[in-house]
Structure formats: structure tokens, C-alpha cells
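Report on one structure; see the data block that follows.
The values are calculated or read from the model by the stated rules, or taken from the named source; none is laboratory data. Note that this is a predicted model, so its numbers are computed, not measured. In this analysis, Cβ positions are derived from the backbone assuming ideal geometry, glycine residues included, and neighbour counts consider all displayed protein chains. Remember, those area values only see protein heavy atoms, side chains included, never the ligands or the DNA or RNA. Shrake-Rupley method; radii C 1.70, N 1.55, O 1.52, S 1.80 Å.
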Amino acid sequence: MPKSDPLQSESAKRPSAEQFIPVKNLSTGDKPTQKSSGQIHFREQKGYFQRLRTTMNSLLILLFFTLPFISFDGRQAILLDVQQQQFFFFNLTLWPQDFTLLAWVFIAAAFGLFFITVFWGRVWCGYLCPQTAWTFMFVWLENRIEGNSNKRKLLDKAPWSANKLGKRTLKHSLWGLAALITGCGFISYFIPARELYLEIFTGNAGFWSTCWVWFFAICTYLNAGWMREQMCLHCCPYARFQAVMFDANTKTVTYDVARGETRGPRKRKQETQLGDCVDCNLCVEVCPTGIDIRQGLQYECINCGACVDACNETMQKFDYQQNLISYVSENELKGIAHSNWRSPRFLGYGTAVVIMLIVIAIDLSNRSEIQLNVIRDRQSLYRETADNRVENTYQLKIRNKTQQTKQYQLAVNSEMPFSLIAAPVITLAAGEQADYPVTVLADKDAIPAGRKIIEFSVTDISEPRQSVSQETGFFSP
Ligand code: SF4
Ligand code: SF4
């Protein structure tokens, strides 16, 4: 008897397309976040943390624009002069060879940031990051022109009309102006501020300064006007590795699940078995990164505290206890007594900051204000004179690294009787470098043959503590 084909019999058993049970996506109960519904138009929120954030952001913006206008000793106090390769910071001038000091400063700042993050999470992002400050400034302008978040969403959907065109033109013009002033503000750390603003706004600036100002203006316009939270979500590396610095004692913006759930709407003063979250969705509507903090700690959260203020406002209306959402640590939520001061991360980053500050202090105190470079004459090792003496010639490169004119004493040091044929005192203007040819002379009979070590020294006459020296060789037959 022929055997039946098992594949054929399997397919015969399969249900036809009409017999399949249709699949339906079921809701998990969470309302869609702003993030999931495209462009984020977050609500403006008032409250304690928003006042704090606005104050910090405003101070940051104010400092950014005003610092280049501070003068010291007749010139801009903070200026990175790329052409002259000097960085002026009040009475300190840093040259390219001093830039290790800046590297230490950046490392100390990074450890300072980690140190704060262990304790307060991403408060830097919410309160001091320029991206946040400028984004909130641009959104503030948008809010004044197009109205609150609901009106902005409606305007987005509305067909083009004279009203929409007018509002959009005004908004983008003001954004453009704010971006252009920001571009000037940034470049004024490299080109003297007073001339730069004037030249840019009168169209008299040079080609390269105009290019750089417009480059930073366009970056600002795109970042703060269009990219906004996308920069934090996709471009900022700090958002990605911040979790490494967190521990159970780190305070971050957190929703108290035990107290809030089961969430649900209700009337004021209504007796209910539900948790304290009234599901008003305000915490989502005010979030600049468009997340729902009730879904737990998320890398998108910049710790700005807008949801804390929004939720506290709701709690107040319902006469509930404050801080359903608050800056709180995991241990605090669990009621575990803790101390950040003994946390290994906190102590480690704190120690690193202190070490870096000590290194910077040592580097600063050892920093010489004179630069000396000795180059031997490569044409001849030595020259013998008619009166039985030997001479070697050198080129000294001496730089006055201060901001004042200085007089320097030049000397050649050795246990053997060498003499210097050159003016022993040299005057250099602020920042000036001199190429100074000198000859060293010795009696042939008074020194042994071959190579001897001699040392050139340059000393500031008005401040003898400032002295540099460099060894080199003296050759004789
Ligand atoms: S979740 Fe809250 S703290 Fe975090 S970014 Fe959104 S509003 Fe700010
Ligand atoms: S603001 Fe507070 S009460 Fe309203 S949904 Fe968010 S957590 Fe719940």
C-alpha cells in the first residue's frame, strides 16, 4: 500500500487564511509619550526647580556673553589669541608649551563632573549644560510667538496661512538673531570682542572671522532650534556612560512607584483605593526629552526637575503629600540609611579632583615666565684665535612670557674660566622672542681638551626668582 506524504497531510491540516485568529496590539495602559508622537512641544512649567534652572541657565548665558568684555591691564582679560599663539587669562599668559596645564584643568573638571554625578546624577545636564540653556531660550522665544504647547501643536498641523507664515517668519528671524549673537559671543573669546560685534553687524569683519561667526551661528540655530533633545539623546556621550557613575545612593529624578501605583484618575477629595498618581500626564507634557519618568530611570532624563514641579503642583491640588516624583536615591526610597561620603566612587572621584587641583597648583608655581632655548652653531665645533684661545658660538632663543617689558641678566655658568662675549643684559617687550647670538671664550691652556658642559642662565632682573637655565657642550681641541 502506498504511504501517504507526511508534508501533504500537514498542509492539509493547516487552517486557511480566513481561519487565522486576528492579532491585535493591546495597550499596556501607558499613555503615549511625547517622544512616541513625533515633534516634542513641551509645556512651560513653573515651580521651585524651574526657577532654579532658569536662574542657573540665565547666569550661564550672561557669563558667556559678558566675560569677553571684561578688561585687564588695557586688554581683553580672557582671550585665546590664535594668531599670536597666546592664551590670556587676566595676568596669566599661557603659551603652547604651557598647555599641559589646560589639560590638567580639563581632567580636573571631568573628575569634578563625575564627583557631582555620583551624588546628584545628571544635574549638570539639567542646570548648566549650554545645550539645555540655549534650547530653553529658543523654546521661550517660540512660546512667546506661537503660544503654549497645545497652540504650537495645532499650528504644526494647520495648513499654511498668512498667520502661520507670519509667526514662523518672526520665530525663525528671532532664532537667527539669537544664533548670530551667540556666534559672535563664541568667537569673541578668540578675536577681541568690542571690535568683533561692531564689525559683524556693520558688515566690515574679515573673511575668516565672518565665516567662523556664521558657522557657530548656524550650529546654534540647528542645535537649539531644531535638534534640541536629539543632541542629548543621540550625540552626547555623557548620557550614555552616566549610568556607570550611578550607585544606589545617587539622587536622581525618580517616581515613587510604591506610593503612586495603582495610578488612575479621580475627583478631588474622592475616597479611593488607588495610588497617589492621578494619571494627569502633566509630568510627561512638561518633559523636554519627551519621556514618561513613571517608566523608571531612563538615559534620556536630564534631571531638569520639570516633572517634579509639575507633579508637586498636582499633588497640591489634590491635597496629597508632595514629592511623588522627586530627587531621591534608590536607598532613600527603600528606607535604607546610607551615607554618600563613604561610597567608594564618591571617595575615588573626590580624591582624583583633589590630586588634580594639587597638580595644577604645582604646575602653576613651577611655571617659568621665561623661555630659553640654546642652539649650538652647526657650522663649526670651535674656533681657535691668534691669542691661544678657543671660542664656541650659540644662538639663544629667549622669550618674555609675561605681559610686561622685562630686563634679563644673561650668564654662562661653569667651574672653569669661561667668559661671555655678548651684552649681558637684554630687554624684551611683553611676549617678545629674541634670537640672540653669543660667543663663549676660554684660554686653551685653562680647560681640558674635548667636550665640557657649560650652562646658560637667564634671570629676570626685577624678579630674580624667575630664572631659567639650560646646559650645552663647549668643544676645544
Ligand atoms: S523626566 Fe523629568 S527630570 Fe527627566 S528630563 Fe523629563 S522632565 Fe526633566
Ligand atoms: S504628574 Fe504626578 S500625578 Fe500626574 S501623571 Fe505624573 S506622576 Fe501621576
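How big is the dipole moment of region 370-476 about its Cα centre under a simple scheme where the beta carbon of each Lys and Arg is +1, that of each Asp and Glu is -1, and everything else is neutral? Debye, nearest 20, please.
Result for region 370-476 is approximately 300 debye, rounded to the nearest 20.
What's the FRET efficiency of Arg144 with Glu261 using the Cβ-Cβ distance as r and R₀ = 41 Å, to the nearest 0.05?
About 0.60, to the nearest 0.05.
How much mean residue ellipticity at 222 nm does the chain get from its helices, if each DSSP H run of length 4 or more adds -39500 (n - 2.57) and you divide by all residues, to the nearest 500 deg cm²/dmol? Could you put the intermediate results ahead of the total?
Numbers: 14 runs with 182 residues, N = 477.
When only DSSP H runs of four or more count, the value is -12000 deg cm²/dmol.
Can you list the aspartates and glutamates whose alpha carbon is less than 15 Å from that of Lys269, not counting same-chain residues fewer than 8 positions off?
Asp319
Given 0.36 nm per residue, what is the gain on full extension from Cys219 to Thr100 after removing their alpha carbon distance, in nm?
39.9 nm
Work out, step by step, the length gained on full extension between Arg451 and Ser58: first 0.36 nm times the residue separation, then minus their alpha carbon distance; give nm to one decimal.
Full extension of this stretch gives 135.0 nm more.
Full extension from Leu165 to Phe201: what is 0.36 nm times the residue separation minus their Cα-Cα distance, to one decimal in nm?
Roughly 10.3 nm would be gained on extension.
Post the alpha-carbon centroid distance, region 437-465 to region 289-316, in whole angstrom.
Measuring centre to centre over Cα atoms gives 71 Å.
Kindly point out which whole DSSP H helices in the chain project their C-alpha atoms 30 angstrom or further along the helix axis while averaging a Kyte-Doolittle hydropathy of 1.6 or above.
The qualifying helices are 99-120.
Percent of Cα-Cα pairs per 10 Å bin, from 0 to the last occupied bin, for the chain, please list those.
For the chain, the binned pair fractions read 3, 13, 18, 17, 14, 11, 9, 6, 4, 2, 1, 0, 0 percent.
Please give the net charge around Phe49, taking every other residue with its beta carbon less than 15 angstrom from that of Phe49, where Lys and Arg add +1 and Asp and Glu add -1. Write down the numbers at each step before the final one.
Numbers: positive: Arg43, Lys46, Arg51, Arg53, Arg122, Lys251; negative: Glu44, Asp309, Glu313.
It works out to a net charge of +3.
Just to be sure I follow the rule: in region 115-261, considering lysines 8 or more places apart or on different chains, how many pairs have Cα atoms under 30 Å apart?
Close lysine pairs found across region 115-261: 8.
Express the carbon and sulfur contribution to the solvent-accessible surface of region 370-476 as a percent, rounded to the nearest whole number, probe 1.4 angstrom.
46
Put +1 on the Cβ of each Lys and Arg and -1 on the Cβ of each Asp and Glu in the chain; which of Gln83, Thr459, His234 then has its Cα farthest toward the positive end of the dipole?
Positive-most Cα among the choices belongs to His234.
Exceeding 23 Å between C-alpha atoms, which entries from my cross-link table qualify? They are Lys46/Lys334; Lys397/Lys452; Lys267/Lys334.
Correct reply: Lys46/Lys334; Lys267/Lys334.
Suppose R0 equals 41 Å; then what is the FRET efficiency for Leu357 and Ile70 from their Cβ-Cβ distance, rounded to the nearest 0.05?
The value I calculate is 0.95.
Students often check this: by mean Cβ neighbours within 10 Å, which of 91-102, 290-301, 121-132 ranks highest, and how do the rest follow?
The most tightly packed comes first, giving 121-132, 290-301, 91-102.
Just by accessible area at a 1.4 angstrom probe, what is the order of His172, His234, His41 from largest to smallest?
In descending accessible area the options line up as His234, His172, His41.
Which of the peptides 180-189, 150-159, 110-119 is most tightly packed, and how do the rest follow, going by the mean number of other Cβ atoms within 10 Å of each residue?
Most protected by this proxy first, the peptides run 180-189, 110-119, 150-159.
With a 1.4 Å probe and all protein chains left in place, how much accessible area per residue does region 407-477 have, in Å²?
50
Express the accessible area of region 30-367 per residue in Å², computed with a 1.4 Å probe while the remaining protein chains stay in the model.
Per-residue value: 53 Å².
Please work out the Cα center distance from region 35-90 to region 346-390, rounded to the nearest Å.
36
Between Phe190 and residues 5 or more places away or on another chain, which pairs have amide H atoms under 5 Å apart, with H built 1.01 Å from N, and which residues are they?
Those lying under 5 Å, H to H, from Phe190 are Leu80.
What spacing in nm lies between the two simple spin-label points modelled at Ile336 and Tyr320, each 7 Å away from Cα in the Cβ direction?
It is 2.6 nm.
Calculate I(q)/I(0) for region 131-223 by the Debye formula, one identical point scatterer on each C-alpha and no solvent, and give its log10 at q = 0.10, 0.18, 0.23, 0.25 Å⁻¹ to two decimals.
Debye output, listed in q order: -0.34, -0.82, -1.07, -1.19.
Using the Cβ atoms and a cut-off under 12 Å, what net charge is assigned to the surroundings of Asn392, where Lys and Arg are +1 and Asp and Glu are -1?
That works out to +3.
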